[in-house]
Amino acid sequence: MDGLTHDVGSVGGLRRIKSAISVARAVMKYSKHTLLVGDSATQFAKEMGFMEEDLHTNRSLKIWNDWKKTECQPNFRKNVNPNPSKSCGPYKPEKNRLKNSDNDNITGHDTIGMLAIDSHGNIAGGTSTNGLNHKIPGRVGDSPIAGAGFYADNTVGGAAATGDGDVMMRFLPSYQSVEYMRQGVSPTKAAQMSISRIVKYYPTFNGAVISLNIRGEYGAACHGMKRFPFSVRGKTMPKVEVKYVDCVDKIPGIEDILG
């Protein structure tokens with residue numbers, strides 16, 4: 001996302017193309033669209049000169065085979081027959097016994113979020129991920145969604161998120177962090193406040209938000225893990241520095257954060 005123009009380029013469900021973030025940039029640069037998904041996104045990438053290739057590895061094939069041998073556990077089905085905790089399907093809707101998701105902390109994603117300010121004060125943000133292991137085919141998480149996985153505004157700053165994307169995208173935490181900073185809140189408090197909105201409804205979720213304002217001040221907040229590492233590089237830093245923020249089981253409410 002370009003914080004100056006608010007142009008956005010995103011792809012989801014991209015198959016057989018290695019550099020998803022570069023394809024997303026091509027969507028922003030060579031189309032008037034915001035988001036392309038699935039095989040059509042792959043076709044667009046090929047038209048833009050990206051190489052289609054088999055991305056399977058021996059490790060990924062072993063993970064898939066082991067998953068099949070354990071009755072496809074974990075998976076993300078609910079309210080279906082046969083019981084998704086004991087079977088690989090095929091599934092049909094269970095109409096007589098509906099329940100809400102328990103939102104267990106199933107991990108297995110590898111999101112990378114980046115925020116940058118150039119020498120002219122322009123800010124940009126982006127994310128890239130392989131997505132959640134064993135997800136239902138067709139699932140798109142928060143990473144390619146502007147406002148959820150990332151957001152940038154030259155007049156304020158930017159933010160990026162990682163974690164349980166299915167939950168986080170319901171709250172647009174990156175957009176929310178930028179809006180809190182617009183109100184004069186520090187990057188750290190903005191990230192905490194965005195996380196606290198999620199914890200109120202999903203107390204067992206895991207995730208983190210990083211925030212950066214136009215003055216180069218940064219902060220982060222996290223929940224559902226011990227601590228969250230993030231890397232920082234500024235014009236006065238000779239090299240990248242890894243920072244850590246301690247996560248807490250209970251994020252304070254917005255009123256507590258504001259003091």
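The values are calculated or read from the model by the stated rules, or taken from the named source; none is laboratory data. For clarity, every value in this text was computed on a predicted model and none was experimentally measured. Cβ coordinates were reconstructed from backbone atoms using ideal geometry, including for glycine residues, and neighbour counts include every protein chain displayed. Heavy atoms of the whole protein, side chains included, go into the accessibility calculation; ligands, DNA and RNA do not. Shrake-Rupley method; radii C 1.70, N 1.55, O 1.52, S 1.80 Å.
Side notes on the structure shown:
- Residue ID - most open to solvent (accessible area, probe 1.4 Å), chosen from residues in segment 117-127 that are over 14 Å from the mean Cα position of the chain (by Cα) and touching a residue at least 12 places away in the same chain (Cβ under 8 Å): Ile117
- Residues of segment 128-176 satisfying the condition of being open to solvent by 10 Å² or more (accessible area, probe 1.4 Å), among the aliphatic types (A, V, I, L, M) and within 13 Å of the chain's Cα centre (by Cα): Leu132, Val140, Ile145, Ala146, Met169, Leu172
- Neighbours by Cβ (under 7 Å, 6+ apart or cross-chain): first from segment 172-198, over 12 Å from Glu217 (Cβ atoms); second open to solvent by 60 Å² or more (accessible area, probe 1.4 Å): Gln176/Arg197
- Lone qualifier among Gly147, Gly165, Gly141 - being touching a helix residue (DSSP H, G or I) at 6+ places or on another chain (Cβ under 6 Å), within 20 Å of Gly9 (Cβ to Cβ) and at pLDDT below 95: Gly141
- Output for segment 2-23, where each listed residue is of a type in the set (Gly, Ala, Ser), closer than 27 Å to His56 by Cβ and assigned to a loop (DSSP other than H, G, I, E, B): Gly9, Gly13, Ser19
- Residues that are of a type in the set (D, E, K, R) and either part of a loop (DSSP other than H, G, I, E, B) or open to solvent by less than 90 Å² (accessible area, probe 1.4 Å) (or both), drawn from segment 24-45: Lys32
- Candidate set from segment 130-158 (those that are in a loop (DSSP other than H, G, I, E, B) and of a type in the set (Gly, Ala, Ser)); member that is farthest from Arg197 (Cα to Cα): Gly138
- Qualifying residues in segment 200-215 (those that are assigned to a loop (DSSP other than H, G, I, E, B) and touching a Ser or Thr at 6+ places or on another chain (Cβ under 8 Å)) - the one least open to solvent (accessible area, probe 1.4 Å): Asn206
- Of all residues in segment 216-234 being among the basic types (Lys, Arg) and in contact (Cβ under 8 Å) with a residue 12 or more places away in the chain, the one that is least open to solvent (accessible area, probe 1.4 Å): Arg227
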